[in-house]
1. For the condition in contact with a Gly (Cβ under 8 Å, 6 or more places away or on another chain) and at pLDDT 70 or above, what is the one hit in T412, T406?
2. Do we have any residue at all in the range 68-86 that's closer than 17 Å to G136 by Cβ, modelled with pLDDT under 70 and in a helix (DSSP H, G or I)?
3. Applying the selection to the range 243-275, what residues are of a type in the set (D, E) and not in a helix (DSSP H, G or I)?
4. Looking only at the range 164-178, count how many residues are buried (at least 23 other Cβ atoms within 10 Å of the Cβ) and without any contact (Cβ under 8 Å) to a residue 24 or more places away in the chain.
5. When you go through (1) touching a helix residue (DSSP H, G or I) at 6+ places or on another chain (Cβ under 7 Å); (2) part of a helix (DSSP H, G or I); (3) in contact (Cβ under 8 Å) with a residue 40 or more places away in the chain; (4) surrounded by fewer than 22 Cβ atoms within 10 Å (Cβ to Cβ) one by one for F240, which number turns out not to apply?
6. Which one of these is in the same structural domain as T406 (by TED's automatic domain parsing), at pLDDT 90 or above, surrounded by fewer than 11 Cβ atoms within 10 Å (Cβ to Cβ) and closer than 22 Å to I216 by Cβ: A287, A291, A332?
7. Identify all residues within the range 370-408 that are on the phi < 0 side of the Ramachandran plot, touching a Phe, Trp or Tyr at 6+ places or on another chain (Cβ under 9 Å) and outside any helix (DSSP H, G or I); write none if there are none.
8. Confirm whether A196 is modelled with pLDDT of 90 or more and either small (G, A, S) or more than 15 Å from L164 (Cβ to Cβ) (or both).
Amino acid sequence: MISDKFRQELRSQAKLWQAEGLIDTSLYQQLADRYQFNTLETASRNRFLSILISLGSILLAIGVITFVAANWQVWPREGRVTLLLSLFVAVNVAGFYLWRIPPSRGKNSHPNMPPTKGRNKLLGEGLLLLGALILGANMALMAQMFHIGGSSYGLFLAWGIGVLGMAYSLRLTSLGFLSALLVGLGYWLAVLDSSAKVEFSWLEILVRQMPIAASIMFIPLAYWCRSRVIFALGAIVLIFSLQVSIAQGLNLNWGAAIFCALPPALLWGYDDAMWPNIDSRLFQATARSLALVFLAGLFYFLSFHWLWQDSVNPSQISLDWSVLANVTVLGALMVFEWLHLGRLELRRPKRKGVDLTTGAIAIFIVITALIPFYHLSFSPIPQLATFLFNVLLFLLAVGLIREGLTLGNRQTFWGGMVLITLQIISRLFEYNTELLLKSFVFVLCGIGVIAAGLWFERHFATIKDE
């Protein structure tokens, strides 16, 4: 599917070619008809309209809930139940009716071009989003009316699963995003309220097996909706719940190694092509970006010397079979991913060379697992561990800068620059240094960032001209 950004750049370049005499008016018109230059403003306006409708739906839901709460005690129970069910059904039926109106497509449009969403379809999506919000209010108010006890995280998890069913049925990205938010919030509340006992067996199973459940719930939905947002949010819920599961159910020595190594290995090794009937890498870049963010945060956190100073006696934790299931299933998936990458590397033509980036990330992951394991299992190495993680952080930052320069990617380049600057400033405040030295380092960092930015923009302009 051709993106709007590509069409905007193509239109600007085509106008420039026409002004310079490289193409004539008829060829420009053919490009305009093929790529629908006349719908670019409409697409931008529809995106803005969809944001406004979503925001309006949220505010409208809050207003309806507030109105109902203000008159809740006055109305009889039968009237309250009728009102809640009627409102939920009416909003969803109206939203579905407007949403199912087929999108418009110009008579000269190309088959590869996405159809333009009409206002009725956008309004229908807004009403369906409003219906999903009303679903949560209905669940909470019904439980209150009929004196059904429960926890707040149980409400959010059940609400999220209900919205997830709507998202799968309607194939809507907005509903999938809302579902992932609700499930993630419900799991976070469950972690904070770990002292309370979960009241339903299915809810307890869901909380304990959240890493596997999140992968089953949101990854297929991301493919179904072709949404990077759902994939990224689902992956975040998966990795966060996996880390909580490891921290709560594994011994510290092995748990620390798995805690540090399994999430980035799982994310970096992900390849869409390993699944059957999928031949495009729609989410591989998103997964690898999350892996780099995880490694950057982990290296930065473990580069502080105070974290390694206190001697820790690994406590013996009774083996939790739910944690073992999570680690086993996702660990097996990680092994499968890297075997798939190995097979792709063997098929790579020799003239293209070796994928050095993946090799470097694999070395980073192995070292990240070995350092805490050796520190906790054999002999404490606080000074060496601090030094090694500072080196890893520096190498990761340099690698990001190099990739940004090679690919002309601003985000990657500035990510590396931020990591180096943050590392220098953190080490400066972590150790006792004179105020004059701190001032000198700040000045050098400022000058370096400005110079690097100017040089990169000049280098980036050179790459675009080539």
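The values are calculated or read from the model by the stated rules, or taken from the named source; none is laboratory data. No experiment lies behind these values; they were computed from the predicted model shown. For neighbour counting, all protein chains shown are included, and Cβ atoms are generated from backbone atoms with ideal geometry for every residue, glycine included.
1. Checking each option against the conditions leaves just T412.
2. Yes, that holds for at least one residue.
3. D271
4. Residues flagged as buried (at least 23 other Cβ atoms within 10 Å of the Cβ) and without any contact (Cβ under 8 Å) to a residue 24 or more places away in the chain within the range 164-178 amount to 0.
5. With respect to (1) touching a helix residue (DSSP H, G or I) at 6+ places or on another chain (Cβ under 7 Å); (2) part of a helix (DSSP H, G or I); (3) in contact (Cβ under 8 Å) with a residue 40 or more places away in the chain; (4) surrounded by fewer than 22 Cβ atoms within 10 Å (Cβ to Cβ), F240 is out only on (1).
6. That would be A332, the only listed residue that is in the same structural domain as T406 (by TED's automatic domain parsing), at pLDDT 90 or above, surrounded by fewer than 11 Cβ atoms within 10 Å (Cβ to Cβ) and closer than 22 Å to I216 by Cβ.
7. Hits for the range 370-408 are P380, I381.
8. no
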